[in-house]
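The values are calculated or read from the model by the stated rules, or taken from the named source; none is laboratory data. Computed from a predicted structure; not experimentally measured. In this analysis, Cβ positions are derived from the backbone assuming ideal geometry, glycine residues included, and neighbour counts consider all displayed protein chains. With ligands, DNA and RNA removed, areas are computed over all heavy atoms of the protein, side chains included. Shrake-Rupley method; radii C 1.70, N 1.55, O 1.52, S 1.80 Å.
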Amino acid sequence: INSTGTILVYTSVFTGNYPISGTKSISRTSTVNYASAVIDQTVSSAMTYGTLRISGGTIKSLASNLPALSSSNSSSGRIFIDAGTFDLKTFTANRSAAGGGSITISAGAKLMIGGTNGFPANYLTHSIASTSTVEYYGNNQTVAATTYGNLVLKATSGSVTKTMPASALVIAGDFSMA
């Protein structure tokens, strides 16, 4: 834990020297930063995060649904994808209620959404850099009505439906579908 109260995680999985059992709640003003620049990491679902930061340039992925991110005030329940890839796999990283919080995907960073899930829910603000990428790679997904940098739609296998939003969809960069 650094001097600002940020927990920096450099191990591949948030275990070992950091034993976690049961659900842990991190202060709504605290930040947990999965920061390894050399190894892929698994984001712990044993904690309820105030702010979850993904950095370091490697792949950070979920092994199960995150407990709904804190929504006790408008500044908590935030996700920052600063660098690398945050792969939700077939899981969710939703905020517990609408009305606050933000999700930020920085330039060059990537959010991957699998299964039948959509974009993480209940965030008031989406700040998605024009050179970032959001990839929906599951089956039968609904694409969120937001402004994207690069948008990628893929199928994992067979016949797949990607449902586009009824409202305007803005893509600042490239769009690809496979």
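Cβ under 14 Å from residue 151's Cβ, residue 151 left aside: what net charge do those residues give with Lys, Arg +1 and Asp, Glu -1? Charge balance near residue 151 sits at +1.
Applying 1/(1 + (r/R0)^6) with r as the Cβ-Cβ distance of residue 131 and residue 96 and R0 = 30 angstrom yields a FRET efficiency of 0.50. Over the Cα atoms of the range 37-153, the radius of gyration divided by the Kirkwood radius equals 0.92; this is the Rg/Rh ratio.
Per-residue 3J(HN,Hα) values for the range 164-178, derived from phi via the Karplus relation 6.51 cos²θ - 1.76 cosθ + 1.60 with θ = phi - 60°, read 8, x, 6, 8, 4, 10, 10, 10, 7, x, 9, 10, 9, 9, 9 Hz in sequence order (x marks Gly and Pro). Per-residue extension of 0.36 nm, minus the Cα-Cα distance of residue 145 and residue 163, leaves a gain of 5.4 nm for this segment. Measuring max minus min along each principal axis, the C-alpha atoms of the range 111-178 give extents of 32, 25, 21 Å (largest first).
The calculated FRET efficiency for residue 39 paired with residue 64, based on their beta-carbon distance and R0 = 35 Å, is about 0.95. For the range 55-178, the share of accessible area belonging to carbon and sulfur comes to 52 percent (1.4 Å probe, ligands and nucleic acids excluded).
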